[in-house]
Each structure stands twice: as structure tokens, then as C-alpha cells.
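This report concerns only the one structure given below.
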Amino acid sequence: DGGITQSPKYLFRKEGQNVTLSCEQNLNHDAMYWYRQDPGQGLRLIYYSQIVNDFQKGDIAEGYSVSREKKESFPLTVTSAQKNPTAFYLCASRSQTSGGGYTFGSGTRLTVV
Amino acid sequence: QQQVKQSPQSLIVQKGGIPIINCAYENTAFDYFPWYQQFPGKGPALLIAIRPDVSEKKEGRFTISFNKSAKQFSLHIMDSQPGDSATYFCAASAYAGGTSYGKLTFGQGTILTVHP
């Protein structure tokens, strides 16, 4: 079955550490996105990529970094520069030519301990 | 101009009621309007979507009403059930030219609670 896989489901980070969240899709989608969701809040765009080897900052990119070396993969690194990283992180993908909706992964909950 | 404003923030109805969630937008270039349903601890899932060439679309108990002149669209849930309790997000995007579509702009979300 096609879909998006995010791993791990839960992640704990010590202050000052960088952590990388994985996002893999087998939908052959061109575009991939990372969102942050805080309790009771909406979706805030961190980074997005419309083609391999290219990505753009979203609304809250500070303290985060991404890469897009393969069409299937769009990992997100939460760096030590991100002051308040505890949140639910969602990855999504979309076909740029169909104009349809996003397919979301099941999310990674990151907690700073 | 890129915002999508969603209301209400939260909504409580009794089983069988018809909750209505509203969204308004300013960007007249938006041409795709999906609704997403999210359960706690899960990713949002596409529920239903509409394009501006129709004023209403129905899928099961879920209906989108679209008013192009008012730049508003709404989600109606008929015969609501406790299992419909979730957070609902509206969104919009515009055709970006060529074979490309722009990213979705999301509303702030509505937390729906359906009491038995």
C-alpha cells in the first residue's frame, strides 16, 4: 500500500542535542512538507520541497533544517537552536500535477527532557 | 491575503445534530478547498474537497457548501456521531501555473465534540 511513513513515533531529546525525524513516501509525489502542531493549535509550515535537491523555508523555519536528496525522503533535523522543540511533527506529500490534497504521515511526537 | 479564517474554534453538539464549520478566504486565485479530519495523536486525513465550479459536494454524511461570491465555504456533518469527535481543518490552494499547484493554506482548526 502506498503511503507516508514517519519514524520514530515518539522521540525524546536532551537539551542541546540535534535530532532527525524521518519521513519516507512511496506515492511518487513530487512535493513534501513538514508541519509543526502544538496542543490545540493549527498546522504551522516549517519547510517544504517541490523537487529533489530544492526546498524552501516555511513560516517557522528557524532552528530547523531539511534535505531532499531523494524523491522519496525528506528528513527534518531539529537543531539545538530551536528554543521550544517539544511538539507534534507532521510530514505530508502531494502530487504537484494532480492538484489534489496532501497525504499526511502519522506524526512524530518530540519531547525535550 | 493568503489566510484562511476558520470558525468556530470549538463546537459541541448532541448525537444526531448537524455541526457546521465555516471558513473564509481572501485570495480569489484559490481553486481547491479540502477539509481534513484529525483524531488525537494521528495525522490529518483528507475528508472531502471541492473546486469552485460547483456550489455543493456531498460524500456520505459530509457536505461542503461553497459560496464563490462571498469567498466562504463550510462543512456540514449530517446525523453526527460520537465517532465524529475530532479536529477539523479547512484549507485552500491555488493553481501555480504550468503543471504545478501551490501549497495548502490551512485554517486554525475546529475541535468538534459530539455527545452521545
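Here are a few things to note about the model shown:
- Shown for the stretch B:22-116: the carbon plus sulfur share of the solvent-accessible area, taken with all protein chains present and a 1.4 angstrom probe, equals 52%.
- Within the accessible area of the stretch A:16-58 (1.4 Å probe), percent carbon and sulfur: 44
- Shape category assigned to chain A from the gyration tensor of Cα positions, a/c cut at 1.5: prolate
- On a per residue basis, chain A carries 47 Å² of accessible surface, using protein heavy atoms and a 1.4 Å probe.
- Members of A:Lys9/A:Lys70; B:Lys42/B:Lys68; A:Lys14/A:Lys71; A:Lys71/B:Lys71; A:Lys71/B:Lys57; A:Lys14/B:Lys5 lying beyond 25 Å, as alpha-carbon distances in this model show: B:Lys42/B:Lys68; A:Lys14/A:Lys71; A:Lys71/B:Lys71; A:Lys71/B:Lys57; A:Lys14/B:Lys5
- Sequence-separation-based contact order of chain A, relative, with Cα cut under 8 Å and 6+ spacing, percent: 35
- Shielded by partner chains, the stretch A:99-113 residues - at least 30 Å² of accessible area, 1.4 Å probe, vs chain alone: A:Gly99, A:Gly101, A:Tyr102, A:Phe104
- Buried on assembly, the stretch B:75-116 (at least 50 Å² less accessible surface than by itself, 1.4 Å probe): B:Tyr101, B:Lys103, B:Phe106
- Karplus-based coupling profile of the stretch B:15-27, in residue order and whole Hz: 3, x, x, 10, x, 10, 10, 10, 9, 10, 9, 10, 6, with θ = phi - 60° in 6.51 cos²θ - 1.76 cosθ + 1.60 and x standing for Gly or Pro.
- Buried solvent-accessible surface, both chains (A, B), 1.4 Å probe, Å² to nearest 100: 1700
- Across the protein assembly as shown, counting alpha-carbon atoms alone, Rg and Dmax equal 17.7, 52 Å.
- Environment charge at A:Ile60 (Cβ cut-off 15 Å; Lys +1, Arg +1, Asp -1, Glu -1): +2
- Across chain B, the relative contact order, built from alpha-carbon pairs under 8 Å that are at least six residues apart, equals 36 percent.
- Only Lys, Arg (+1) and Asp, Glu (-1) charged, at Cβ; the stretch A:1-50 dipole about Cα centre in debye: 260
- Most to least packed among A:41-54, A:6-19 [average Cβ atoms within 10 Å]: A:41-54, A:6-19
The values are calculated or read from the model by the stated rules, or taken from the named source; none is laboratory data. This is a predicted model, so every value here is computed, not measured. Backbone-built Cβ (ideal geometry, glycine too); neighbour counts: all protein chains shown. Note: accessible area is taken over every heavy atom of the protein model, side chains too, but ligands, DNA and RNA are not part of it. Shrake-Rupley method; radii C 1.70, N 1.55, O 1.52, S 1.80 Å.
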